[in-house]
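Report on the following structure.
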Amino acid sequence: MSKVMEDLINKEKKEIALKLLQDGKLKEGEIEKYFGFSVE
């Protein structure tokens, strides 16, 4: 997969994770578990 595609996918994953966190659907620890990055 190209670097551009990977960057787009990662950006989208971060946006989804932040929305889930804001909506209270996931906790910060779960974001790292399911999405592979921490929220800081």
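The values are calculated or read from the model by the stated rules, or taken from the named source; none is laboratory data. All values reported here derive from a predicted model rather than from experimental measurement. Neighbour counts are summed over all protein chains in view; Cβ atoms, including those assigned to glycine, are modelled from backbone coordinates with ideal geometry.
Rundown of residues vs (1) in contact with a strand residue (DSSP E or B) (Cβ under 9 Å, 6 or more places away or on another chain); (2) at pLDDT 90 or above; (3) in a helix (DSSP H, G or I), yes/no style:
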site: Met5; (1), (2), (3): no, yes, yes
site: Ile9; (1), (2), (3): no, yes, yes
site: Glu12; (1), (2), (3): no, yes, yes
site: Glu15; (1), (2), (3): no, yes, yes
site: Lys19; (1), (2), (3): no, yes, yes
site: Gly24; (1), (2), (3): no, yes, no
site: Ile31; (1), (2), (3): no, no, yes
site: Ser38; (1), (2), (3): no, no, no
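Go through the residues of segment 21-32 one by one and say whether even a single one is free of Cβ contacts under 8 Å to residues at least 12 places away in the same chain, surrounded by 13 or more Cβ atoms within 10 Å (Cβ to Cβ) and among the acidic types (Asp, Glu).
Looking only at segment 21-32, we keep the residues that are free of Cβ contacts under 8 Å to residues at least 12 places away in the same chain, and these are 22-30, 32.
From what's left, surrounded by 13 or more Cβ atoms within 10 Å (Cβ to Cβ): 26, 30, 32.
Narrowing further to those that are among the acidic types (Asp, Glu): 30, 32.
Within segment 21-32, one or more residues are free of Cβ contacts under 8 Å to residues at least 12 places away in the same chain, surrounded by 13 or more Cβ atoms within 10 Å (Cβ to Cβ) and among the acidic types (Asp, Glu).
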